[in-house]
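Reading through the structure tokens given below for one structure.
The values are calculated or read from the model by the stated rules, or taken from the named source; none is laboratory data. Just so it is clear, the structure is predicted and the values come from calculations on it, not from any experiment. A quick note on method: Cβ atoms are made from the backbone with ideal geometry, for glycine too, and the neighbour counts reach across all protein chains shown.
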Amino acid sequence: MSADAVDSEGETSAAETAAANRERRESDAGQWRRVGTAALGGALVVTGLRRRSLGGTAIALVGGWLSARAVWGLVRPDRDPSASASQAEPELDDDSLTIAESVTVAKPADELSELLSDAETLSRIAEPVVEIESTGEDRQRWTVGAPLDRSVSWEAELTAADAAADLRWESVDESALFDELSVEFREAPGDRGTIATLRLELDPPGSELGRSAIERLDVVPESLGGVALDRFKSLAETGEIPTTEANPSARGEGDLV
Amino acid sequence: MSRETMEAVCWHGDRDVRVDEVPRPEIVNPTDAIVEITATAICGSDLHLYNDRVPSMREGDVLGHEPMGEVVEIGDEVENLEIGDRVVVPFTISCGECWFCEQGLYSLCDNSNPNAEIARKMMGHSPAGLFGYSHMMGGYAGGQAEYLRVPYADVGPIKIDSDLSDEQVLFLSDIFPTGYMAAENADIEENDTVAVWGCGPVGQFAIQSARMLGAERVVAIDRVPERLEMASEHADAETIDYADEDVYDRLMELTGGRGPDSCIDAVGTDAHGVGLDGVTDPVKRDVKLQDDHPYVLREAIKCCRKGGTLSVPGVYVGRANVPFGAAMNKALTIKTGQTHVQRYLDPLLETIEDGEIDPSFVVSHEEPLDAAPEMYETFNDKDDDCIKVILTP
């Protein structure tokens, strides 16, 4: 009896320890995501303010919004730190942000797929917010700079997608800001080339406040996908990305306010 | 190391432009070219900026979208231009590669506006980037300056190999093609009567182009005597001074009650209205009930014959209260848009070289770049018989 009890207590204790470890890992992952989200938000704010243009303002707004979500997730008083991961996870899911945007590019799907699977192309599209470098076949390291010389970095792997030309990246690290990023290609009608559809599941922690912020600022989150696709389309069709970098004005040099 | 500087005409707010010392532009992308400007004009649409009508301007922006000059630097991938070439630069920035450019719809280029997302949020889609015409339209520095960076340099600038003067070819950058496209959009047929509202530079070229495209009668509408005289003298246009006559009554009289077959609005957002609309339009704009003064648009819809065509080269910026019911019930065709300048460069240069037209007839003032602030004021107030100003850096 007592032995049974001891065994039972031992089993219970082991299960609780495993659960606690899992919770801690998942909590750490959530924490990393919040830090990462704050870093991304901070980087966007800094980038946006540095650019001091309308585009920069939009970037800064995105950044501010992400930072607010992350900070709110960190300090929100109704979040019970002892809550199990299984309780916390649905909240994260509820607050995740899915971006889906399409663009028509006057190039064939296989050419676009090859271009976009290249880390240098990705980096040119994502700069100056995200730096992407190749770390091996089909693996890339994504880095978001943050103020005070801090940064958040994670590895993503290009994995098999449903159609031959489609691309899908899955994050390898727990600190990643997205669970999955995919680009699907399908033929556009007539002679118009290929429709590229980007889907991005951003997973910043947040709250109802964050959700209502999305609704109020619906212009902002979608801008991430729209701007990325604009840059990809321009690069694919013309070999360059339009820019007003180094633009002269009475304010000085660059795309300034 | 700080960059070299240059003089440029910069926007500082409502009726406030100044000549400032700004950094010289440099090559950024491999298809860029740098042009040293020899002549650059003030456009009527610059007055919309001058009067602070266009959203997304920033203090210090370099103005100007009607420039020409000499190529002094080219990017690694520029193939059609060489250093030393004399070029006229279109105001539309177009990549030449996207579906729209391939259709000849250059002002709808998909790739040239770095701020496309902002334009998309305001208009649904982004048109092409433009020189010196707000951040929503790309934020590119303009050509009222000593130097200009020209993106996609193989697609835009047209080389001038003949000894035609700057004054004769400069307006290929905007107002000649804009007037021509306005007339082309008017679907002019033999024996047609075309009414043109606004006898500023674009109106003058629309009137000339309507003649070139076969209009039997052209009626020019304005209130500035020298502009009406110019239309009469250079294109044998009949004229209506709207300050003295009711435009609808006079047009019905001239057309036997049918109305003009085609109407061209070469005025746009800043129309001077008469009567009640002339009073209420500015008030509505002040209280944000509308963004434009669409007086001419209303009058043109009313006057145009049933089944006729309304062509709108005039620039509008936002919401305009117009009688769309009349347009629908009269089955009008409406055509508009920023000019697909690149489409018209070669054929219109040929008309100049052949002596069919000498665009320099519109020039009333030629001044150094430093005189830009006074010239903006003079042009805006239509003082000193001012019709078209060329600035020479």
Practice problem: Determine whether the stretch A:91-99 contains at least one residue that is within 14 Å of chain B (Cβ to nearest Cβ) and either surrounded by fewer than 13 Cβ atoms within 10 Å (Cβ to Cβ) or modelled with pLDDT of 90 or more (or both). | Solution: no
Quiz item: Taking the stretch B:118-135 on its own, how many of its residues are crowded, with 24+ Cβ neighbours inside 10 Å and facing chain A (nearest Cβ under 7 Å)?
Solution: 3
Quiz item: Pairs under 7 Å by beta carbon, first residue closer than 22 Å to B:LEU130 by Cβ in the stretch B:154-173, partner among the aromatic types (Phe, Trp, Tyr), six or more apart or different chains?
Solution: B:SER173/B:PHE91
Quiz item: Of the conditions (1) hydroxyl-bearing (Ser, Thr, Tyr); (2) modelled with pLDDT of 95 or more; (3) surrounded by fewer than 20 Cβ atoms within 10 Å (Cβ to Cβ), B:SER262 fails just one. Which one is it?
Solution: (3)
Quiz prompt | Subset of the stretch B:80-97 [in a loop (DSSP other than H, G, I, E, B) and facing another protein chain (nearest Cβ under 10 Å)] | solution = B:CYS95, B:GLY96, B:GLU97
Exercise. Could you tell me whether the stretch B:59-72 includes any residue that is free of Cβ contacts under 8 Å to residues at least 40 places away in the same chain and part of a loop (DSSP other than H, G, I, E, B)?
Key: no
Quiz item: Tell me, which residue of the stretch B:152-183 that is surrounded by 24 or more Cβ atoms within 10 Å (Cβ to Cβ) and over 20 Å from the mean Cα position of the chain (by Cα) is farthest from the other protein chains (Cβ to nearest Cβ)?
Solution: B:ALA153
Quiz item: Are there any pairs, at least 6 apart or on different chains, whose C-beta atoms fall under 8 Å, with the first in the stretch B:209-237 and in a helix (DSSP H, G or I) and the second among the basic types (Lys, Arg), and if so, which?
Solution: B:ALA235/B:ARG211
Quiz item: Are any residues in the stretch B:213-232 farther than 27 Å from B:GLY275 by Cα and touching a helix residue (DSSP H, G or I) at 6+ places or on another chain (Cβ under 9 Å), and if so, which ones?
Solution: B:LEU213, B:ALA215, B:ARG217
Quiz item: Applying the selection to the stretch B:98-117, what residues are in a loop (DSSP other than H, G, I, E, B) and either facing another protein chain (nearest Cβ under 9 Å) or touching a residue at least 12 places away in the same chain (Cβ under 8 Å) (or both)?
Solution: B:CYS98, B:GLY104, B:LEU105, B:CYS109, B:ASP110, B:ASN111, B:SER112, B:ASN113, B:PRO114, B:ASN115
Quiz item: Looking at (1) of a type in the set (Ser, Thr, Tyr); (2) under 21 Å from B:ALA372 (Cα atoms); (3) in contact with a helix residue (DSSP H, G or I) (Cβ under 9 Å, 6 or more places away or on another chain), which is the only condition B:TYR147 fails?
Solution: (3)
Quiz item: Filter the stretch A:217-239 for residues that are closer than 10 Å to A:GLU101 by Cβ, more than 7 Å from chain B (Cβ to nearest Cβ) and modelled with pLDDT of 70 or more; which is surrounded by the most Cβ atoms within 10 Å (Cβ to Cβ)?
Solution: A:LEU224
Quiz prompt | Boolean, B:ARG53 is surrounded by 18 or more Cβ atoms within 10 Å (Cβ to Cβ), more than 11 Å from chain A (Cβ to nearest Cβ), charged (D, E, K, R) and part of a loop (DSSP other than H, G, I, E, B) | solution = yes
Quiz prompt | Residue match in the stretch B:118-133 (condition: over 20 Å from the mean Cα position of the chain (by Cα) and β-branched (Val, Ile, Thr)) | solution = yes
Quiz item: Taking the stretch B:11-50 only, how many residues are assigned to a strand (DSSP E or B) and under 22 Å from B:ASP174 (Cα atoms)?
Solution: 12
Exercise. Looking only at the stretch B:316-357, count how many residues are loosely packed, with under 14 Cβ neighbours inside 10 Å and in contact (Cβ under 8 Å) with a residue 40 or more places away in the chain.
Key: 2
Quiz item: Just a yes or no: is a residue in the stretch B:33-47 within 10 Å of chain A (Cβ to nearest Cβ), surrounded by fewer than 22 Cβ atoms within 10 Å (Cβ to Cβ) and polar (S, T, N, Q)?
Solution: no
Quiz prompt | Among (1) farther than 28 Å from B:VAL274 by Cα; (2) among the hydrophobic types (A, V, I, L, M, F, W, C); (3) surrounded by fewer than 24 Cβ atoms within 10 Å (Cβ to Cβ) - the single one B:ALA145 does not satisfy | solution = (3)
Exercise. Just give me the residues in the stretch B:192-212 being surrounded by fewer than 24 Cβ atoms within 10 Å (Cβ to Cβ) and out of contact with any strand residue (DSSP E or B) (no Cβ under 9 Å at 6 or more places or on another chain), in sequence order.
Key: B:MET212
Quiz item: Within the stretch B:162-176, can one find any residue that is of a type in the set (Asp, Glu), touching an Asp or Glu at 6+ places or on another chain (Cβ under 8 Å) and over 29 Å from B:GLY307 (Cβ atoms)?
Solution: yes
Quiz prompt | Selection count where residues are at pLDDT below 80 and either assigned to a loop (DSSP other than H, G, I, E, B) or surrounded by fewer than 14 Cβ atoms within 10 Å (Cβ to Cβ) (or both), scope the stretch A:128-150 | solution = 6
Quiz item: What are the residues in the stretch B:58-74 that are within 14 Å of chain A (Cβ to nearest Cβ) and surrounded by fewer than 21 Cβ atoms within 10 Å (Cβ to Cβ), if any?
Solution: B:ARG58, B:GLU59, B:GLY60, B:GLU73
Practice problem: Please verify whether the stretch B:18-32 includes one or more residues that are more than 9 Å from chain A (Cβ to nearest Cβ), among the aliphatic types (A, V, I, L, M) and buried (at least 24 other Cβ atoms within 10 Å of the Cβ). | Solution: no
